1. What percent does the relative contact order of the chain come to when contacts are Cα pairs within less than 8 Å and at least six residues apart?
2. For residue 84 and residue 57, FRET efficiency with R0 = 25 Å and r from the beta-carbon atoms, rounded to 0.05?
3. The stretch 55-89 to the stretch 104-120: how many Å between their Cα centroids?
4. Per residue and in Å³, how big is the convex hull formed by the alpha-carbon atoms of the stretch 25-123?
5. Select from 81, 106, 20 the residue whose mean-square fluctuation is largest in a Gaussian network model of the chain (Cα-Cα springs shorter than 10 Å).
6. Under a point-charge model restricted to the Cβ atoms of Lys and Arg (+1) and Asp and Glu (-1), what is the dipole moment magnitude of the stretch 43-123 relative to its Cα centre, in debye to the nearest 20?
7. Could you check how much of the accessible area of the chain is carbon and sulfur, as a whole percent, using a 1.4 Å probe?
Amino acid sequence: QVQLVESGGGLVQAGGSQRLSCTASGRRASRSSMGWFRQAPGKEREFVAAITWTGGSTYYADSVKGRFTISRDNAKNTVYLQMNSLKPEDTAVYLCAADLRGTYYLPMSYQYWGQGTQVTVSS
């Protein structure tokens, strides 16, 4: 079992920056490829970024490429999402996912999910 807790969400103005954290606990936490997804009201869950357990490979949705950076600190069992140049359309609940077993951009490929943290970008 893996437990995930996200933090760092809140209200930010367009053009601003925010960093999300996801801390994992549990037996498989430190050797898990992980991802960030987001879900806006009335919309499907959308892939944002993913990182392998070594941190050697990262993947991004086209909509955030060049603005967001995913990283991890395995000593702290924590994955980060640095978000820069935020836009109102980035407003959503951001969810952390762990234990990838399949295609990195599909929600069904992840075994564990956090509760999410709200990010609101004002124009």
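1. 35
2. Numbers: r = 21 Å, r/R0 = 0.84.
Once rounded, the FRET efficiency stands at 0.75.
3. What the calculation gives is 13 Å, centre to centre.
4. Roughly 100 Å³ of hull volume per residue.
5. In this elastic network of the chain, the residue with the biggest mean-square fluctuation among 81, 106, 20 is 106.
6. Roughly 100 debye, rounded to the nearest 20.
7. Numbers: 2940 of 6380 Å².
That fraction is 46 percent.
The values are calculated or read from the model by the stated rules, or taken from the named source; none is laboratory data. Note that the structure is a prediction, hence the values are computed from the model and not measured. Every residue, glycine among them, receives a Cβ derived from its backbone with ideal geometry; neighbour counts consider all protein chains shown. We work out accessible area using only protein heavy atoms, side chains counted, and drop any ligands, DNA or RNA first. Shrake-Rupley method; radii C 1.70, N 1.55, O 1.52, S 1.80 Å.
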